[in-house]
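J.: Starting off with a structure, shown below.
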Amino acid sequence: MARYPCSAGWLVSPWPSFNGVGYINIDLWHITVLISAKTPNLEGATVITAAPPAEACTEQYVDAANATLEAEGLNTTGEGFAPITVTLKEGGT
């Protein structure tokens, strides 16, 4: 949680992903739900009006996807990952 202290930190997909691709930080997900339920917009409405059901946040499909990818010999955790250096140039070229 220290790396992405904002409530929407679970949206960020950091690499490497030590558990495998697609997993979210469940604590940050719960914080996002709480904020979405309690923070009104300009009209006074909130993004969600009731707590989502337990099955709204499941790792069932992520587990299956990682198992399939690993069975195909693909790296899902980023083991050995080294970032490249990117030089930004004016004009986007």
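The values are calculated or read from the model by the stated rules, or taken from the named source; none is laboratory data. Remember, it's a predicted structure, so these values are computed and weren't measured experimentally. For neighbour counting, all protein chains shown are included, and Cβ atoms are generated from backbone atoms with ideal geometry for every residue, glycine included.
J.: For the stretch 64-76, how many residues meet the condition of being exposed (fewer than 10 other Cβ atoms within 10 Å of the Cβ) and within 19 Å of ILE26 (Cβ to Cβ)? Give the steps one after another, and end with the answer.
T.: We begin by selecting, within the stretch 64-76, every residue exposed (fewer than 10 other Cβ atoms within 10 Å of the Cβ); these are 71-73.
Checking the rest, the ones that are also within 19 Å of ILE26 (Cβ to Cβ) come to none.
Of the residues in the stretch 64-76, 0 are exposed (fewer than 10 other Cβ atoms within 10 Å of the Cβ) and within 19 Å of ILE26 (Cβ to Cβ).
J.: If you don't mind, another one. Examine the stretch 24-36 for a residue that is surrounded by 11 or more Cβ atoms within 10 Å (Cβ to Cβ) and in a loop (DSSP other than H, G, I, E, B), and state whether such a residue exists.
T.: yes
J.: Sticking with this one: Let me spell it out: the conditions are (1) exposed (fewer than 10 other Cβ atoms within 10 Å of the Cβ); (2) within 21 Å of the chain's Cα centre (by Cα); (3) without any contact (Cβ under 8 Å) to a residue 60 or more places away in the chain; (4) not in a helix (DSSP H, G or I), and ASN41 meets all of them except one. Which number is the exception?
T.: (2)
J.: Say whether the condition of being at pLDDT 90 or above, of a type outside the set (Gly, Ala, Ser) and surrounded by fewer than 11 Cβ atoms within 10 Å (Cβ to Cβ) is met by at least one residue in the stretch 1-13. Talk me through it step by step, then tell me what you get.
T.: Here is the first cut: in the stretch 1-13, the ones at pLDDT 90 or above are none.
No, because not a single residue in the stretch 1-13 is at pLDDT 90 or above, of a type outside the set (Gly, Ala, Ser) and surrounded by fewer than 11 Cβ atoms within 10 Å (Cβ to Cβ).
J.: Another one. Take the conditions loosely packed, with under 14 Cβ neighbours inside 10 Å and of a type in the set (Phe, Trp, Tyr) and apply them to TYR61. Does it pass?
T.: yes
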